[in-house]
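First up is the structure itself, then whatever we jot down about it.
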Amino acid sequence: MTEKENKQAKSLVDIEDVITEAIGRVGGNKENDLCKYLPMSSGGYMHHFTLRKMKLKQPFELAALIEEFIIEPKKPNAVAPKQRAARGSRKSKGQMTFTRIQLERLLNIAKQTGDKEMISLLSPKTSLATAKRNLIASIRQGMVDEDLWYSYKESVESFQFIQDTTRQFSSNDTE
């Protein structure tokens, strides 16, 4: 055995003794029970993966932490868990959501002002077949409906985009 391996073996034996003593102090059953008593600089208590990693790579630092926070105090204090964001609070705050009625009102306003871009953006998306069928029906009735034309045009463009990307991915797979 080299001197380095010998020193590591001795430090592992020392850390095991410290851990065993600390487990007895907190009244736990296993190493992971110590985590709740070891504070971290980022807030909260130590994660059990960190404890295991420190045990192997930094046994002296871990022993010092255990001594300071578990063995030396008369009664070890459990560390409060790290504050986390409440569930559902991670939603992006920049996005506005509209109800169906609000969207219909915005669509009517866009139609009144003649804003084609807003009309196509706010109009419900239809499939290519539906847009084509509606456009043909309006032509047969002798009506010119620009909204139907823009809907059909947008459906064709999105269909072509999907076809192009599908071809691009399939050609990349064969290469």
Consider Lys53 carefully, then state whether it is open to solvent by less than 100 Å² (accessible area, probe 1.4 Å), of a type in the set (Lys, Arg) and either at pLDDT 90 or above or closer than 30 Å to Glu154 by Cα (or both). no
So which residues in the stretch 127-146 are under 16 Å from Leu107 (Cβ atoms) and either out of contact with any helix residue (DSSP H, G or I) (no Cβ under 6 Å at 6 or more places or on another chain) or surrounded by fewer than 13 Cβ atoms within 10 Å (Cβ to Cβ) (or both)? Glu146
Within the stretch 1-40, can you find the residues that are at pLDDT 85 or above, among the small types (Gly, Ala, Ser) and under 15 Å from Leu65 (Cβ atoms)? Ala22
Of all residues making up the stretch 21-50, the number that are open to solvent by less than 60 Å² (accessible area, probe 1.4 Å), in a loop (DSSP other than H, G, I, E, B) and free of Cβ contacts under 8 Å to residues at least 40 places away in the same chain: 3
Quick one: would you say Ile66 is loosely packed, with under 14 Cβ neighbours inside 10 Å and part of a helix (DSSP H, G or I)? no
For the structure I just gave you, tell me whether Ser158 is touching a helix residue (DSSP H, G or I) at 6+ places or on another chain (Cβ under 6 Å), open to solvent by less than 100 Å² (accessible area, probe 1.4 Å) and assigned to a helix (DSSP H, G or I). no
Members of the stretch 107-126 found to be open to solvent by 60 Å² or more (accessible area, probe 1.4 Å) and of a type in the set (A, V, I, L, M), listed by number: Ile109, Met118, Leu121
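To keep it simple, each residue is scored yes or no on (1) modelled with pLDDT under 80; (2) among the aromatic types (Phe, Trp, Tyr).
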{"residue": "Ala64", "(1), (2)": "no, no"}
{"residue": "Phe69", "(1), (2)": "no, yes"}
{"residue": "Pro73", "(1), (2)": "no, no"}
{"residue": "Pro76", "(1), (2)": "no, no"}
{"residue": "Pro81", "(1), (2)": "no, no"}
{"residue": "Ser89", "(1), (2)": "yes, no"}
{"residue": "Met96", "(1), (2)": "yes, no"}
{"residue": "Leu103", "(1), (2)": "no, no"}
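The values are calculated or read from the model by the stated rules, or taken from the named source; none is laboratory data. From a predicted model like this one, the values you see are computed outputs, not experimental measurements. Methodologically, a virtual Cβ is constructed for each residue, glycine included, from the backbone with ideal geometry; neighbour enumeration extends over all protein chains shown. Areas reflect the complete protein model, heavy atoms only, side chains present, ligands, DNA and RNA absent. Shrake-Rupley method; radii C 1.70, N 1.55, O 1.52, S 1.80 Å.
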